[in-house]
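Structure first, then comments.
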Protein chains: 2
Amino acid sequence: MAARPHLTEREEEIRSVGASDSSRATILDAAAACFMAKGYAASSIDDVARSLGSTKGRIYHHYPSKGDLFADVFRAGMEMNYAAIRPVRDAAGTAVARWRRMAMVHTRQMIVTRPYQRVVWEGVELYLRGATTPEQREEFARLMQYRNDYGAIFRQVIVAAREAGDMRFEDPRVTEQLMFVSLNSPLFWYTPRPGENERDIEVIVAQVVDFTARGLGVREGACNG
Amino acid sequence: MAARPHLTEREEEIRSVGASDSSRATILDAAAACFMAKGYAASSIDDVARSLGSTKGRIYHHYPSKGDLFADVFRAGMEMNYAAIRPVRDAAGTAVARWRRMAMVHTRQMIVTRPYQRVVWEGVELYLRGATTPEQREEFARLMQYRNDYGAIFRQVIVAAREAGDMRFEDPRVTEQLMFVSLNSPLFWYTPRPGENERDIEVIVAQVVDFTARGLGVREGACNG
DNA sequence: AGTTCAACATACTACTCGGTATGTTGTCAA
DNA sequence: TTGACAACATACCGAGTAGTATGTTGAACT
């Protein structure tokens, strides 16, 4: 009988924390949607709360400030990206083949988790513009580091592909920027159509990745599987 | 003696209007810089005025509202783009050669007139998000038309190049988006270095255009001049 | 049954910002 | 010299907003 209460205690602790996390996740979704729709500065906490049918109290119970809420959406978006490319980043095959799979997964992410990814984009801009309070600046710096590491993964792969003779480009830094801007571009021009299915998305993803692959100078016939 | 006063009158009218326009141009520059630095929503009229060493009165004397000021920066940015590509858009040569010159001029514009072009970018986003008042919406609609016409010029050229067998891509609409996102990308990652000259900019422009050209499937050896 | 506490809602404050109403000044025509 | 007007500056108002302080409630725990 000593183990049961202990187990139940942990179960309920998990369920309790899970309930709180569930509410936080709901807030996070609403915040992502609101920040995407109106941008950070034009979005008010009341807007987010209204879209939830709640009031500010709920949000300030979970987040100390608007900036922290935004940062958490940023973090969640980046974690989604890491989780998405994890299965393919260490897969077997040539560097260019790995890159192609990573690029497709990444681009699909931009479409499927668009609200979060637009917050990531705006978060990067806010940081680069220095539009952050000193306290938030170090948290944003961590998130930027997180994001730069993600970029470095791609950069390593395309540099390896270039060394293997399967890509050709000049400055890796500039090329990384061009690559991400291309792969991320659905953030700005993709709008979900009613009755759209996964096939339609795959068609778009293919075009985006093909364009970017050619831009990176992928050798003709190198891994078109 | 009848012609002299008339001439002087016109001269002074021109000088007078020119002085007013000069003040407006100064305001426009400051507004573009401010909107670029902080974004539309986070920029206040007082911010713009402060950066001019003036007060709100000066701005509201020339512009009826913050939105109109923003729209005028938008318009000015687009006019710069039209003026920049005018000499090359109707030049002789193949479509792909015309495209390359247009692309280089356009990309250079993104770097040289960056504050204005970032406002153009944000203006497009504001319109697409519907973050405009009903009155401003029709002015923004005109500006969007203006911008879409500009995009159509490029689209016609790349479609012609494809028909000539010098490019290969699928959906022209998607491809146009990808092309502009690539060419515009210096807006987001270029930062002027101290002591940078025109050569350095040309190196960047070349990389951006090369990447985009390959992305558009420009045939190997087709116009690398 | 009573206590505690998480998860909110409500009420309020201090402050910013867009816009307006009005005052001031230099300039130019008559 | 004097009105008129453009080009601002100054003073002010109302609306919205981030953040806080406090009230409320249902559920778990004892």
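The values are calculated or read from the model by the stated rules, or taken from the named source; none is laboratory data. Keep in mind the model is a prediction, meaning the values are calculated, not measured. Every residue, glycine as well, gets a Cβ built from its backbone with ideal geometry; the counts of neighbours run over all protein chains shown.
Scan (1) within 11 Å of DNA strand C (Cβ to nearest atom); (2) modelled with pLDDT of 95 or more for the single condition residue A:31 breaks and write down its number.
Going through the list (1) within 11 Å of DNA strand C (Cβ to nearest atom); (2) modelled with pLDDT of 95 or more, residue A:31 breaks only (1).
Does segment A:188-207 contain any residue that is in contact (Cβ under 8 Å) with a residue 40 or more places away in the chain, in contact with a Leu (Cβ under 9 Å, 6 or more places away or on another chain) and either buried (at least 18 other Cβ atoms within 10 Å of the Cβ) or not assigned by TED's automatic domain parsing to the domain that holds residue A:114 (or both)?
no
Consider residue B:72 carefully, then state whether it is assigned to a helix (DSSP H, G or I) and either more than 26 Å from residue A:39 (Cα to Cα) or in the same structural domain as residue B:168 (by TED's automatic domain parsing) (or both). I'd like the intermediate steps shown before the answer.
On the way: assigned to a helix (DSSP H, G or I): yes; either more than 26 Å from residue A:39 (Cα to Cα) or in the same structural domain as residue B:168 (by TED's automatic domain parsing) (or both): yes.
In short, yes.
Restricting to segment A:140-154, and then to whatever is surrounded by fewer than 17 Cβ atoms within 10 Å (Cβ to Cβ) and of a type in the set (D, E, K, R), can you tell me which residue is nearest to the other protein chains (Cβ to nearest Cβ)?
Ranking the candidates gives A:149 first.
Within segment A:188-225, how many residues are assigned to a loop (DSSP other than H, G, I, E, B), more than 7 Å from chain B (Cβ to nearest Cβ) and over 18 Å from residue B:173 (Cβ atoms)?
Of segment A:188-225, the ones assigned to a loop (DSSP other than H, G, I, E, B) are A:190-197, A:216-225.
Filter once more, so that each one left must be more than 7 Å from chain B (Cβ to nearest Cβ): A:190-197, A:216, A:218-225.
Subset that is over 18 Å from residue B:173 (Cβ atoms): A:194-195, A:197, A:216, A:218-225.
Within segment A:188-225, residues that are assigned to a loop (DSSP other than H, G, I, E, B), more than 7 Å from chain B (Cβ to nearest Cβ) and over 18 Å from residue B:173 (Cβ atoms) number 12.
Restricting to segment A:25-69, give me the number of residues that are over 22 Å from residue A:138 (Cβ atoms), in a helix (DSSP H, G or I) and of a type in the set (Ser, Thr, Tyr).
At the first step, the residues of segment A:25-69 found to be over 22 Å from residue A:138 (Cβ atoms) are A:25-27, A:29-30, A:32-34, A:36-39, A:42-59, A:61.
Going one step further and asking which of them are in a helix (DSSP H, G or I), we end up with A:25-27, A:29-30, A:32-34, A:36-38, A:45-51, A:56-59, A:61.
Still in the list and also of a type in the set (Ser, Thr, Tyr): A:26, A:51.
Qualifying residue count for the region: 2.
Which members of segment A:36-54 meet the condition of being among the hydroxyl-bearing types (Ser, Thr, Tyr) and within 11 Å of DNA strand C (Cβ to nearest atom)? Reasoning before the result, please.
In the first step, residues of segment A:36-54 are kept if they are among the hydroxyl-bearing types (Ser, Thr, Tyr); the result is A:40, A:43-44, A:51, A:54.
Residue satisfying the conditions is A:54 alone.
Checking residue B:185 against (1) surrounded by fewer than 17 Cβ atoms within 10 Å (Cβ to Cβ); (2) facing chain A (nearest Cβ under 9 Å), only one condition comes out false. Which one?
It fails just one condition, (1).
Out of A:159, A:112, which single residue is at pLDDT 95 or above, closer than 30 Å to residue B:206 by Cα and not charged (D, E, K, R)? Full working, then the answer.
Values: A:112 fails: closer than 30 Å to residue B:206 by Cα.
Only one candidate qualifies: A:159.
Filter segment A:55-97 down to the residues that are among the acidic types (Asp, Glu) and within 16 Å of DNA strand C (Cβ to nearest atom), then identify the one that is nearest to the other protein chains (Cβ to nearest Cβ).
Within segment A:55-97, the subset among the acidic types (Asp, Glu) is A:68, A:72, A:79, A:90.
Okay, now just the ones that are also within 16 Å of DNA strand C (Cβ to nearest atom), so A:68, A:72.
Details: A:68: 18, A:72: 20 Å.
Here the answer is A:68.
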